[in-house]
Amino acid sequence: MRRRLVFIGIGVMALAFVAGCSSSSKSSSSSSATTAGGGGVTVGTTAGTTVNVVVSDTKGLNGKMTMVVTPATAKAGNVTFTVKNSGTIDHEVVVLKLKSGQTATSLKITSFEGEANRVDESSSVGETGDPPLKPGETRSFTVKDMAAGAYALVCNIAKHYGLGMRAPFAVTS
């Protein structure tokens, strides 16, 4: 019985060794990926900052809406936004480059693309895309080579910005 356990142990160790060798050869053969030190995590060379955004509401259009951004700053470069809709209705996130003097809360509510109660998206540098996120859905998008400056993250579905679905975001050099 003891001999059998020794052979099983040797077999498991051999399999682990073979798996470890094949795994590392895959990582080193890829020119577009690097391995993070000690963690064995493969990260693409376009890696940058990941920003988590949680959009929420409690009563749909009949109550306050929120957007929580963590972290609220990133270094210039590629920025990936991971957006989770924890609300009760559809939402989106649009990243707008702010002009001098603008803030995330000072954008003029007007009409955009023929729909009232929205802000102008002409300074958009990225967004979650269509269709909007359903309740409980999570989606990621990356803004490549994001320049230093002030930005606003907004949900630009009609009335959402005015109900509080906006947040400041800064990119530093």
Exercise. Quick check: anything in region 124-147 touching a helix residue (DSSP H, G or I) at 6+ places or on another chain (Cβ under 7 Å) and touching a residue at least 12 places away in the same chain (Cβ under 8 Å)?
Worked result: no
Problem set entry | Number of positions in region 124-161 that are within 21 Å of Lys108 (Cβ to Cβ) and among the basic types (Lys, Arg) | 1
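Answer yes or no as to whether Asn156 is at pLDDT 95 or above and either of a type outside the set (S, T, N, Q) or within 16 Å of Val51 (Cα to Cα) (or both).
Numbers: at pLDDT 95 or above: yes; either of a type outside the set (S, T, N, Q) or within 16 Å of Val51 (Cα to Cα) (or both): no.
So Asn156 fails the test.
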Exercise. In region 61-91, how many are of a type in the set (A, V, I, L, M) and farther than 14 Å from Leu133 by Cβ?
Worked result: 7
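So is Gly149 within 18 Å of Val69 (Cβ to Cβ) and modelled with pLDDT of 95 or more or not?
On the way: within 18 Å of Val69 (Cβ to Cβ): yes; modelled with pLDDT of 95 or more: yes.
It is true that Gly149 is within 18 Å of Val69 (Cβ to Cβ) and modelled with pLDDT of 95 or more.
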Exercise. Across region 69-92, which residue is nearest to Met146 (Cα to Cα) among those that are touching a Ser or Thr at 6+ places or on another chain (Cβ under 8 Å), outside any loop (DSSP other than H, G, I, E, B) and among the β-branched types (Val, Ile, Thr)?
Worked result: Val79
Problem set entry | Count of residues meeting criterion [assigned to a loop (DSSP other than H, G, I, E, B) and under 12 Å from Glu121 (Cβ atoms)] in region 149-167 | 3
Seminar exercise, completed: Conditions (1) in contact with a Ser or Thr (Cβ under 9 Å, 6 or more places away or on another chain); (2) among the hydroxyl-bearing types (Ser, Thr, Tyr); (3) surrounded by 14 or more Cβ atoms within 10 Å (Cβ to Cβ) -> Thr58 fails only (3)
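The values are calculated or read from the model by the stated rules, or taken from the named source; none is laboratory data. Keep in mind that this is a model prediction, so the values were computed, not measured. FYI the Cβ positions are ideal-geometry reconstructions off the backbone, even for glycines, and counts take in every protein chain you see.
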